[in-house]
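Take a look at the structure set out below.
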Amino acid sequence: MERRRFLSLMAAVAGMPLVGRCARLANTPTTPTIYRSEGGLLAIDLTASLGRVSLGERSAELMTYNQQIPGPQLEVRPGDRVQIRFTNALDQPTNLHYHGLHLPPTGLADDPFRTVVPGETALYDFQIPDQHPSGFFWYHPHVHGLVASQVFHGLAGTILVRGKDEPPELQAAQEAVLVLQDFDLDRQGNVQEPTPPFRMWGRQGDLITVNGQLHPRFDVFAGGLLRLRILNASASRVYQLQLADHPWWLVATDGRSLAAPVAQDSVVLAPGERADLLVPGDQPPDSYALLSLPYDRGIAAMAKSMGQNHGTDTTEEPQTIATLDYAGTTASESGTSMLVNFPTALGTVETLPEPAIVREFVFDHGIDPETRDPFLINGRAFGHHRIDTQVNVGTVEDWVLVNKAGMDHPFHLHTNWFQVVSHNGQPEPLPAWRDTVNLRPYETVRIRIPFRDFAGKTVYHCHLLDHEDQGMMGIIEMV
Ligand code: C2O
Ligand code: CU
Ligand code: CU
């Protein structure tokens with residue numbers, strides 16, 4: 001791997017304002033309010049409500065956390081206690097799920113079966129485990145049947161865990177969190193209800209926002225190092241992202257560190273997935289477009305056969321969703337510079353032992369005999385009172401995920417992370433932790449899951465949220 005030296009800005013790291021000779025401040029996309037834990041505690045009030053917010057140059061009637069799109073960013077350290085006093089000011093039930101955090105699925109922690117009724121204030125209270133890895137996670141609602149609609153109305157927020165397990169080069173890098181959301185608004189700025197075929201394909205809108213803005217700009221310092229932390233918080237849209245004419249390196253999948261940076265061309269992010277990308281400021285100072293490339297998740301042919309095109313990507317051109325600018329070199333001017341290496345090693349991704357049990361999960365379309373829902377796992381749609389899978393805490397399992405359908409189905413498991421072992425029998429070359437993996441049409445993906453702790457019931461599902469709402473979810477009990 002190439003080894004280069006880069007300047008980094010300790011001032012930026014320490015959060016002090018930077019004053020270079022060009023007197024230009026770092027341009028980062030407007031970030032939501034950040035709440036950081038203090039003295040081991042993060043105690044906040046969070047309210048979900050429906051109301052008018054501005055979205056780029058438009059005004060829209062959206063569901064928000066604390067009236068922000070996206071919701072506040074929560075920053076914690078391993079071992080911290082988190083107390084969220086959550087008020088549901090919507091006219092429908094909702095709740096909170098902490099996607100990617102390794103938390104008990106029981107009590108007041110990460111229980112997807114808990115609902116908060118309209119008007120209720122409920123407490124979420126949990127501890128981030130001492131051994132929790134650093135990473136980039138998120139929260140969103142999880143009431144079965146309402147998830148797609150609530151997320152598509154804007155409900156999503158980010159969570160950063162900042163531990164001591166990250167290499168100093170990464171800690172020293174500038175950082176920009178980018179939350180990708182898409183909206184389908186009418187002239188009054190109301191979110192449109194999807195047509196029946198769109199509920200099947202997954203609702204998707206033409207308006208793509210980054211941190212609730214239309215094509216924001218963000219900066220990298222010439223000679224500096226920028227870490228982009230990108231979340232796909234859309235209900236159904238799969239993004240294929242490219243930084244035009246500029247190198248970038250994948251350093252984390254679903255928020256968790258790889259062993260070493262991997263050069264990327266484009267990056268595909270299915271709903272729920274995250275990618276951390278390192279952007280070295282080593283190119284000619286200029287502006288570079290962050291592009292959303294057309295991506296067919298298997299609905300183009302179906303849409304065409306029904307004479308529909310809207311929002312299906314087939315007619316879309318690459319879109320610039322944000323722009324990377326070079327900011328003047330201020331490192332030497334501010335007198336606080338430090339030379340850092342582009343990191344060659346990031347950490348270790350441990351090798352998991354061979355599984356005790358191998359299970360198969362078939363993702364397909366059909367009709368559930370009881371609920372009549374059309375999206376099935378192993379022939380059944382979600383049943384609130386049926387335990388589909390029972391596993392033993394303290395074991396490692398392989399799950400073979402078989403997509404028998406002609407559409408992408410991004411598989412997500414709560415509570416426990418996994419590693420992809422193979423795609424269609426081909427060994428996965430990149431050791432990485434994930435909480436979500438996209439199953440392409442007719443693809444078989446084998447994953448390996450360590451169930452180390454936390455007994456209780458939780459769920460796995462397709463993170464195309466209309467599919468989850470229409471049955472593609474199962475219950476796992478860990479005993
Ligand atoms: Cu982000 Cu069960 O989901
Ligand atoms: Cu989740
Ligand atoms: Cu699906």
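Read-outs: derived from the displayed coordinates by stated rules, not from any lab. Please read these numbers as outputs of a predicted model, since none were measured by experiment. Cβ atoms come from the backbone with ideal geometry, glycine included; neighbour counts cover every protein chain shown.
Projecting label points 7 angstrom from Cα along Cα→Cβ for LEU207 and ALA301 puts them 3.4 nm apart. Gap in Å between the Cα centre of region 171-186 and the Cα centre of region 115-164? Rounded to whole Å, the Cα centres lie 17 Å apart.
Treating the beta-carbon of each Lys and Arg as +1 and of each Asp and Glu as -1, no other charges, what is the dipole magnitude of region 337-435 about its Cα centre, to the nearest 20 debye? All intermediate terms of the calculation are to be shown ahead of the outcome.
Values: 6 positive and 13 negative charges, 22 e Å.
With only Lys, Arg, Asp and Glu charged at Cβ, the dipole is about 100 debye.
Helical content alone sets the calculated 222 nm signal of the chain at -1500 deg cm²/dmol, taking -39,500 (n - 2.57) per DSSP H segment of four or more residues and averaging over every residue.
Label zone (GLN283, point 7 Å along Cα-to-C-beta; backbone nitrogen cut-off 15 Å) within region 247-262: 247-250.
When the charge dipole of region 362-479 is built from unit charges on Cβ atoms (+1 for Lys and Arg, -1 for Asp and Glu) and taken about the Cα centre, the candidate among ALA405, HIS423, ASN438 whose Cα reaches farthest toward its positive end is HIS423. Measuring spread by the Cα atoms of the chain yields a radius of gyration and Dmax of 21.6, 70 Å.
Normalised size of region 34-161, defined as Cα radius of gyration per 2.2 N^0.38 Å with N residues, equals 1.02.
Here the 3J(HN,Hα) profile of region 114-127, calculated from phi with Karplus coefficients 6.51, -1.76 and 1.60 at θ = phi - 60°, is 7, 10, 10, 7, x, x, 7, 10, 10, 9, 9, 8, 7, 10 Hz, Gly and Pro shown as x. Modelled spin labels at THR351 and ASN190, positioned 7 Å past Cα toward Cβ, are 5.9 nm from each other.
Take the alpha carbon gyration tensor of region 357-478, find the square roots of its eigenvalues, order them as a ≥ b ≥ c, and report rounded if a/c is under 1.5; if not, report prolate when a/b exceeds b/c, else oblate. It comes out oblate by the Cα gyration axes.
The simple spin-label model puts a point 7 Å past each Cα toward its Cβ; for GLN127 and ILE367 those points are separated by 5.2 nm. Using the Cβ-Cβ distance between SER54 and ASN392 with R0 set to 45 Å, the FRET efficiency from 1/(1 + (r/R0)^6) comes to roughly 0.35.
Counting Lys and Arg as +1 and Asp and Glu as -1 over every other residue whose Cβ lies under 12 Å from the Cβ of ARG81, the net charge comes to -3. Legend: ranking of residues LYS304, LYS457 from fewest to most surrounding C-beta atoms inside 10 Å; resulting order LYS304, LYS457.
Net charge around GLN174, counting only other residues with Cβ within less than 9 Å of its Cβ (Lys, Arg = +1; Asp, Glu = -1)? Please list the in-between numbers first.
Values: positive: ARG227; negative: GLU175, ASP219.
Combined, the nearby Lys, Arg, Asp and Glu give -1.
By the rule of a C-alpha distance below 24 Å, with chain neighbours fewer than 8 residues away ignored, the lysines paired with LYS404 are LYS304.
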